[in-house]
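Input: a single structure, listed below in structure tokens.
Values quoted throughout were computed directly from the atomic coordinates according to the rules given, and no laboratory measurement underlies them. The shown structure was predicted, so the numbers you read here are calculated from the model rather than taken from an experiment. Because the Cβ atoms are built from the backbone with ideal geometry, glycine has one as well, and the counts that use them run over all protein chains shown.
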Amino acid sequence: MSSTAPSATRSASRRAALAGALFGFLGVGAGAFGAHALKTRLEPAALSVFDTAVRYQIVHALALLASSWAIEQWPGRIANASAIFFGVGILLFSGSLYALSLSGAHLLGVLTPIGGLFQLLGWLALALAAYRQRP
């Protein structure tokens, strides 16, 4: 049994669900923006980078929703950490790719693998939360 208080668990779960829903909303909007407004303004390579940012943002927005569920099912620091890892990963990975594709500032590409690492840590934390749960 976890020592996480029920109200703290609900609050963390709600924050993860809210973040997931907002990142999903923004990802769909960014995808539409890329498909319509940027299609003729960006080079194909830059548009491909933008599309990658959108795809990973939406996938990890859904992962945040999974984290919200996991926080309720398997309360504790590991499930909470998965949501934090996914959120930071979206900001760094997709955010750096958006900035790179729109500005061409290749220095921002340094943040992309760090964001990818956070996304991987989110998946690992989610798996550990499920694994550590005692029947």
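Putting +1 on Lys and Arg Cβ atoms and -1 on Asp and Glu Cβ atoms, find which of F25, N80, H106 reaches farthest to the positive end of the dipole of segment 6-132.
Farthest along the dipole direction, towards plus: N80.
Among S103, S82, S68, which one shows the biggest mean-square fluctuation in a GNM of the chain, springs joining Cα atoms closer than 10 Å?
Taking springs between Cα atoms under 10 Å, the residue moving most is S103.
Excluding A12 itself, calculate the net charge of residues whose Cβ lies under 13 Å from the Cβ of A12, where each Lys or Arg counts +1 and each Asp or Glu counts -1. Before the final figure, lay out each step's value.
Working: positive: R10, R14, R15, R77; negative: E72.
Computed value for this residue: +3.
Of the chain, which part is the longest with no trypsin sites (Lys or Arg not before Pro) in a loop (DSSP not H, G, I, E, B) and with at most 15 other C-beta atoms within 10 angstrom?
Result for the longest clean stretch: 42-135.
Only Cα pairs under 8 Å and at least 6 apart count here; give the relative contact order of the chain as a rounded whole percent.
RCO, the chain: 28 percent.
Considering the chain as a Gaussian network with a 10 Å cut-off on Cα pairs, which listed residue, G104, G76, G115, attains the greatest mean-square fluctuation?
With Cα springs under 10 Å in the chain, the top fluctuation among G104, G76, G115 is at G104.
Using the Karplus curve 6.51 cos²θ - 1.76 cosθ + 1.60 with θ = phi - 60°, what ³J(HN,Hα) values do you get for each residue of segment 99-104, in whole Hz, with x for Gly and Pro?
Along segment 99-104, the couplings run 4, 4, 5, 8, 10, x Hz.
Among A8, V49, V59, which residue has its Cα positioned farthest towards the positive end of the charge dipole of the chain, with +1 placed on the Cβ of Lys and Arg, -1 on the Cβ of Asp and Glu, and the dipole taken about the Cα centre?
A8
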